[in-house]
Amino acid sequence: MDAKPCIDSLAVKNSHVLPPDTNSHGTLFGGKLMAYIDDVAAIASVRHCRKPVVTASTDSVDFLHPVFEGDTICLEAFVTWTHNTSMEVFVKAVTENLLTGERKLCTTAFLSMVAVDENNQPAPVPGVYPESEEEKWLHEGAQKRHEHRKARRKESKELAEMFGTDLPWK
């Protein structure tokens, strides 16, 4: 498999924020934004590997600016790094007030997506290479983020073993 440039996986999603998408504060539900993030990351990763994918993890999502009813939300995602069967996808979300044109960064996130074969087993993915300065910066930090994810996953497995499926009051 030949490596591909990061930009080849670019996916862009725009949505108009309407009343059913908002909470009692008139801002976009955080969970709705997280669903948009997962969706656009999946599109970018499938575009990169041309295989079905599953979400393995999402790094922290910090809400930096609210998205108000009537605004738009624009998400951009692309693959920044690969490792055997997994891909790191960077997602940026920007809100725009359509009446004033003011734009603000809402959040950024990294997701790990894993390609799967017809038996839902992990499948190899092509490499990726950065071209722009921003892509190079993201690519250079990816190995360190990967190691953090591995450590976090180990902790999650330990918690799962400790707490299991029983309810605490039984």
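The values are calculated or read from the model by the stated rules, or taken from the named source; none is laboratory data. Everything quoted here is computed from the prediction, not taken from an experiment. Positions of Cβ are generated from backbone atoms using ideal geometry, with glycine treated the same way; all protein chains shown enter the neighbour counts.
Taking the stretch 1-19 as the range and being among the hydrophobic types (A, V, I, L, M, F, W, C), modelled with pLDDT of 95 or more and out of contact with any strand residue (DSSP E or B) (no Cβ under 6 Å at 6 or more places or on another chain) as the test, the residues that pass are Ile7, Leu18.
Here Gly127 fulfils each of the conditions (1) in contact (Cβ under 8 Å) with a residue 40 or more places away in the chain; (2) touching a Phe, Trp or Tyr at 6+ places or on another chain (Cβ under 8 Å) apart from (2).
Here's the yes/no breakdown for (1) free of Cβ contacts under 8 Å to residues at least 24 places away in the same chain; (2) assigned to a strand (DSSP E or B); (3) hydroxyl-bearing (Ser, Thr, Tyr); (4) touching a helix residue (DSSP H, G or I) at 6+ places or on another chain (Cβ under 6 Å):
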position	(1), (2), (3), (4)
Leu64	no, no, no, no
Val91	no, yes, no, yes
Leu98	no, no, no, no
Val114	no, yes, no, no
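In the stretch 124-160, which residues are in a loop (DSSP other than H, G, I, E, B) and within 23 Å of Lys51 (Cα to Cα)? Pro124, Val125, Pro126, Gly127, Pro130, listed by residue number.
Can we say Thr108 is among the β-branched types (Val, Ile, Thr) and in contact with a Lys or Arg (Cβ under 6 Å, 6 or more places away or on another chain)? Against the criterion (among the β-branched types (Val, Ile, Thr) and in contact with a Lys or Arg (Cβ under 6 Å, 6 or more places away or on another chain)), Thr108 qualifies. From Phe90, Phe78, Phe68, which residue is touching a Leu at 6+ places or on another chain (Cβ under 9 Å), modelled with pLDDT of 95 or more and over 29 Å from Ala151 (Cα atoms)? Result: Phe68 is the single residue among Phe90, Phe78, Phe68 that is touching a Leu at 6+ places or on another chain (Cβ under 9 Å), modelled with pLDDT of 95 or more and over 29 Å from Ala151 (Cα atoms).
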